[in-house]
Amino acid sequence: MLNLPIVGKNNQGTLMAQNLIGQSPAFLSILDKVSQLAPIERPVLIIGERGTGKELIAQRLHFLSKRWEQPLISVNCSTLDENLIGSELFGHEQGAFTGAKAKHKGRFERAEKGTLFLDELATTPLFVQEKLLRVIEYGHYERIGGHTSLNADVRIIGATNANLPEMASKGRFRPDLLDRLAFDVIHLPPLRERKEDIIPLAEHYAIKMCRELELEYFAGFSTLAQQSLLDYHWPGNIRELKNVVERAVYQNHNSMTPIESLLFNPFSADWQSESRDTAINLDQEETQVEFPIDFKLWQECQDRVILKKALKQSQYNQRKAAELLGLSYHQLRGMVRKYDLSN
């Protein structure tokens, strides 16, 4: 298993160390691609669902590049007001607009000779996209309200979970900017496609939480808990896994025993759970059926519908879905395999 530390300085110059952990083929192929792309002075796009580690990959691209001793400046474009993002990226001169009491250095200026990481790139307004295009094409820009051209020796790394080609086809993202940014694209797989990495990641976060709580020992996860981790769909990916594991560690009252239970949805209260005795209408006369029918085929269709509904309600945790249906875990697993509902 690879456990690669990323050591460097953040926007404030503070030393940081984070880990890329995994052993799955999908994860290892991404690391190989990052190593190949890092020394090439071209823009890179990172595409992936929320919580898949896009910023960690951007950091690795920077610290493996020739610019590793220079600044790595990050900006989350979705957190900036449309009226402020231009100023935040390119800076402004004193008096450029109401409230501009002093000259402000933008992120491009602060990232000079280094790397600028633009997270949530798809949220940038079109007028900012046009300015980004000019910087990439001509290598210079002006502060808002200024007339002096500033050089931009900055490598751009963009990240998003949006479909940029589709946005470009609908006029919501500039196609020419997309062409300039996509020298190459790194597609990060979701955690559900990295099954081999789930347990190592869970153990890593569990040990870190034990240290934070000053617990002397981590007894691991029970077989049942491990299977629950593997069966869960992980819509929030690694970020969600971290929360689930840390929650389980602090709720485990005896640190000398393995973790048995995991709470995947902290927003559901016990008193809100639906009763298993929810009325099911078995009145045949109210079921719209036209005879003759293929009863076996009809029954399979009903099974698929109720299985899909239970899986969705349980957030694809098969053990919880089995409880909702009054089935054993192995019975549900057999039906899921039978009807090919694993995804």
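The values are calculated or read from the model by the stated rules, or taken from the named source; none is laboratory data. All values derive from a computational prediction rather than experimental measurement. Every residue, glycine among them, receives a Cβ derived from its backbone with ideal geometry; neighbour counts consider all protein chains shown.
What the table below lists for this structure:
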| read-out | value |
| --- | --- |
| Which listed residue is of a type in the set (Val, Ile, Thr) and under 20 Å from LYS113 (Cβ atoms), from VAL154, VAL185 | VAL154 |
| Search result, residues across region 166-223 that are acidic (Asp, Glu) and free of Cβ contacts under 8 Å to residues at least 24 places away in the same chain | GLU166, ASP179, GLU203, GLU212, GLU214 |
| Lone unmet requirement of (1) in contact with a strand residue (DSSP E or B) (Cβ under 6 Å, 6 or more places away or on another chain); (2) of a type outside the set (Lys, Arg); (3) assigned to a helix (DSSP H, G or I); (4) within 29 Å of THR79 (Cα to Cα) for ASP197 | (4) |
| Residues within region 191-219 that are of a type in the set (Gly, Ala, Ser) and either assigned by TED's automatic domain parsing to the domain that holds ARG50 or under 24 Å from GLY51 (Cα atoms) (or both), tallied | 2 |
| Whichever residue in region 48-70 is within 15 Å of ILE156 (Cβ to Cβ) and in contact (Cβ under 8 Å) with a residue 60 or more places away in the chain and, among such residues, is surrounded by the fewest Cβ atoms within 10 Å (Cβ to Cβ) | GLU55 |
| Residue check, PRO165 farther than 22 Å from LEU118 by Cβ and in a helix (DSSP H, G or I) | no |
| Members of region 133-150 found to be in contact with a helix residue (DSSP H, G or I) (Cβ under 6 Å, 6 or more places away or on another chain) and at pLDDT 90 or above, listed by number | LEU133, ILE136 |
| Failed item, numbered, when THR148 is tested on (1) touching a residue at least 12 places away in the same chain (Cβ under 8 Å); (2) in a loop (DSSP other than H, G, I, E, B) | (1) |
| Hits in region 225-241 (condition: in contact (Cβ under 8 Å) with a residue 40 or more places away in the chain and in a helix (DSSP H, G or I)) | GLN227, SER228, ASP231, ASN237, ILE238, ARG239, GLU240, LEU241 |
| Hits in region 145-183 (condition: over 25 Å from ARG50 (Cβ atoms), crowded, with 18+ Cβ neighbours inside 10 Å and either in contact with a Leu (Cβ under 6 Å, 6 or more places away or on another chain) or acidic (Asp, Glu) (or both)) | VAL154 |
